[in-house]
1. Could you check the spin-label model distance between SER244 and GLN121? Points 7 Å from the Cα along Cα→Cβ, value in nm.
2. In the structure displayed, which of LYS26/LYS90; LYS205/LYS271; LYS51/LYS238; LYS51/LYS243; LYS35/LYS97; LYS26/LYS51 lie more than 20 Å apart, Cα to Cα?
3. Please identify, among GLU101, GLU261, GLU200, the residue showing maximal mean-square fluctuation in a Gaussian network model of the chain using a 10 angstrom Cα cutoff.
4. Hey, in the GNM for the chain with a 10 angstrom Cα cutoff, which one of GLU160, GLU241, GLU52 fluctuates hardest?
5. State the antiparallel share, in %, of DSSP beta bridges confined to the range 22-278, rounding to the nearest 5.
6. Apply the a/c threshold of 1.5 to the C-alpha gyration tensor of the range 112-195 and tell me whether it is rounded, prolate or oblate.
7. With a 10 Å cut-off between alpha carbons and a GNM built on the chain, which of LYS243, LYS271, LYS58 moves the most?
8. Excluding residues fewer than 8 places away in the same chain, name every one of the aspartates and glutamates whose C-alpha is closer than 12 Å to that of LYS58.
Amino acid sequence: MGLMHILRIYLKLVLRLKNEQIDIIKIGGSIITNKSEYRTLRKKQLLLLSKELAKWEKKCIIIHGAGSFGHTVANQYSIHLGFSNQNQLKGILQIRKDMLELTEAVTHSLVENGVNALSFQTSAIVFENEGGFSFHFNPVKKALSLGFCPILSGDVLFTEAKGFRIFSGDALIRLLVQHFDVGRVIFISDVDGLFLQDPETKEDKLVSSLTTNDFENVEIGELNQDDSKDVTGEMRGKIEEIKSILEHTSEVILVNGFHPERLTLVREGDKFVGTTIINENST
């Protein structure tokens, strides 16, 4: 068997493995809800995104944010601080009710537009122990293999130490990329991408691409995005989540969901307005 023949077989194998990798797509709560108004769904925006995601060729897991269906009540009852009094249980029950409504809306919209969307409750398959997490992802993996598109979200997670806590969609993705073969993670948010301040002009400029090494050197103070009502953490926490995600996948893409046509460009591999962070150590 000649060297060139072996090389062709190897390249075909690499290509096949790459094609079998899945995408994880995170739809930010700020895109599909109005975060300033309790339980307000952006129906038109959800419809436009659903139509774009219906064209997605690769297998994927979709994670949606909580937006005004989760953060408002979580703040009111201090759910992110863990269990402190019985009154918080009312808050958790309300959050569960509201999040079920949001997940149902997202799933329904996707199904109506041709996606085989099937929802899973995060807190029913993930638990936080003293030393880490226990989880049961087999149903999600089987659903993927059968042709479903699993839908998950951030949740109120039960924990050994605190009783419960907020478990963000970003934190969920960090866990998923460690146990699924993920090629890329796409964050659909309400901003064009990652903005850094030009050291000379002091103006914020959109960064179209950078490597994990570049990303490691990003100073959090340079990031001009903040949402004090977001109980899933400050931007520092979100950046740290992305850094962890990049340890297990080839690239992370940040794109503005208010421009759904940019998802078409991402899907087709064309140049788009947004930020791509490439893991230069990935094969």
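All of the numbers you see were taken from the coordinates with simple rules; none came from a lab. All figures in this text were calculated on a predicted structure; none of them were measured in a lab. All Cβ positions, even for glycine, are placed from backbone atoms using ideal geometry, and neighbour counts span all protein chains on display.
1. Taking the two extended label points, one gets 2.4 nm.
2. The answer is LYS26/LYS90; LYS51/LYS238; LYS51/LYS243.
3. Answer for the Gaussian network model of the chain: GLU200.
4. Maximum fluctuation in the GNM of the chain, among the listed residues, is at GLU160.
5. 40 percent
6. Oblate is the answer for the range 112-195, as a/c is 1.5 or above yet b/c matches or exceeds a/b.
7. Largest GNM mean-square fluctuation: LYS271.
8. Counting by Cα, and skipping residues close in sequence, LYS58 has these aspartates and glutamates nearby: GLU20, ASP23, GLU268.
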